[in-house]
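Enquirer: Structure incoming, see below.
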Amino acid sequence: MAYSTIKTDTKNSVTLIRLDRPDALNALNSELLGELATALSAADADPKVRAIVITGSEKAFAAGADIKEMSEKTFADMALSDFFAAEANTITAIRKPIIAAVAGYALGGGCELAMMCDFIIAADTAKFGQPEINLGIMAGLGGTQRLTRFVGKSKAMEMHLTGRFMDAAEAERSGLVSRVVPAAKLVEEALDVAGKIAEKSQIAVMAAKEAVNRSYETTMSEGLLFERRSFHALFATDDQSEGMDAFLEKRAPQFRDK
Ligand code: CAA
């Protein structure tokens, strides 16, 4: 499918989605978020795809929701449209793993989009922030909830109230990103990690993703029960037998998603 604000490319079971509005630092407007939701749903439904990477440009992953598009909106416009809640729900309901590969600015909705992914690999040039406060508004695509869970209340509160940016080293120290790599290697590294995930049993990958995400939604005892039930269920798969036989026979497993 042809898109105008993103580019997609699928190779070796991994779909790379590149946000592509260079003139607006990949600001998230309706068209881009709509296309992104469509492309992610297509990748999720495509049996040839086993992992997804979302990236931006060298200068910006995304500099936030599109301020030009938002500037004329009223309370009624925002409330009645529910401002990208449908797209955010689509993105967070994707069952295949999604890695955000972030270089440059990931601000406002850009930081929130990165946090909707399963984990973030950052270039050493990455800058994360929730600067909505400087526009007389606040985060609206999950930033107050997700950033707080990633980095804790004190740092999240400071970022939301002052709008200051966090560099890649601080983001790694604070647990916002899984690791930092040189900017020139960012996409290569993210594709490599996605490729490694693509080699695993897809049933186990999806179950692990679902269980980790469940930890944000439930109590410890319910989460542990959910984990145990999913863990037990994986013993009904051929991939469990294959994975353990391969270990014992000192060979690489051949998972078949069965
Ligand atoms: N929306 C629309 N356009 C944007 C944009 C945004 N969020 N961010 C940057 N742009 C545009 C600029 O308007 C500019 O366009 P023109 O050339 O047509 O003027 C172009 O991208 C390049 O930007 P700058 O000239 O500003 O580049 P810079 O290098 O000097 O600064 C920056 C980079 C610090 C990221 C700066 O662009 C900036 O502060 N952007 C806004 C960041 C922001 O406030 N994000 C939060 C948005 S609100 C939100 O996201 C709400 C939510 O929670 C969902």
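Enquirer: Given the DSSP H assignment, sum -39500 (n - 2.57) over each helix run of at least 4 residues in the chain and divide by its residue total; what's the result at 222 nm in deg cm²/dmol, nearest 500? Show your work: numbers first, answer last.
Expert: Working: 12 runs with 120 residues, N = 258.
Value at 222 nm, helices only: -13500 deg cm²/dmol.
Enquirer: May I pose another question? Considering amide H positions built from the backbone, and no H for Pro or chain starts, which residues 5 or more places from GLN130, or on another chain, come under 5 Å of its amide H?
Expert: GLY108
Enquirer: What's the tally of Lys pairs in region 6-198 whose alpha-carbon atoms lie under 21 angstrom apart, where the two lysines are 8 or more places apart or on different chains?
Expert: Final tally of qualifying lysine pairs is 18.
Enquirer: Enter the accessible area of ASP44 (Å², nearest 10), with the probe set to 1.4 Å and all protein chains included.
Expert: Counting only protein heavy atoms, the figure is 40 Å².
Enquirer: For region 27-43, list residues with backbone N below 15 Å from a point placed 7 Å from the Cα of MET1 toward its Cβ?
Expert: Correct set: 31-43.
Enquirer: Further, regarding this structure: For the ranges 64-73, 106-115, what's the packing order if you count other beta-carbon atoms within 10 Å of each residue, average per peptide, and put the highest first? Intermediate values should be presented prior to the final figure.
Expert: Numbers: 64-73: 16.0, 106-115: 28.6.
The packing order, highest mean first, is 106-115, 64-73.
Enquirer: Computed over the Cα atoms, what is the radius of gyration of region 6-198 divided by 2.2 N^0.38 Å, N being its residue count?
Expert: Values: Rg = 15.6 Å, N = 193, 2.2 N^0.38 = 16.3 Å.
This ratio for region 6-198 stands at 0.96.
Enquirer: Now for a different question. Using the alpha-carbon atoms, what tilt in degrees (0 to 90, nearest 10) does helix 202-214 show relative to the longest principal axis of the chain?
Expert: 50
Enquirer: Further question on the same structure: Taking 0.36 nm per residue of separation and subtracting the Cα-Cα distance, what length does fully extending ASP257 through GLU199 add? All intermediate terms of the calculation are to be shown ahead of the outcome.
Expert: On the way: separation 58, 0.36 × 58 = 20.88 nm, distance 1.04 nm.
Stretched fully, the ASP257-GLU199 segment lengthens by 19.8 nm.
Enquirer: Under a crude label model (7 Å from the Cα following the beta-carbon direction), how far is THR162 from LYS73 in nanometres?
Expert: Computed distance between label sites THR162 and LYS73 equals 2.8 nm.
Enquirer: With a 10 Å cut-off between alpha carbons and a GNM built on the chain, which of GLN240, GLN202, GLN130 moves the most?
Expert: Evaluated over the chain, the most mobile residue of the options is GLN240.
Enquirer: OK, next. Run the quick spin-label model on ASP82 and LYS153: label points 7 Å from Cα toward the beta carbon, then report their separation in nm to one decimal.
Expert: 3.0
The values are calculated or read from the model by the stated rules, or taken from the named source; none is laboratory data. Note that the coordinates shown come from a computational prediction; the quantities given were computed from them, not determined experimentally. In this analysis, Cβ positions are derived from the backbone assuming ideal geometry, glycine residues included, and neighbour counts consider all displayed protein chains. When the accessible area is computed, the model is the full protein with side chains, heavy atoms only, and any ligands, DNA or RNA have been set aside. Shrake-Rupley method; radii C 1.70, N 1.55, O 1.52, S 1.80 Å.
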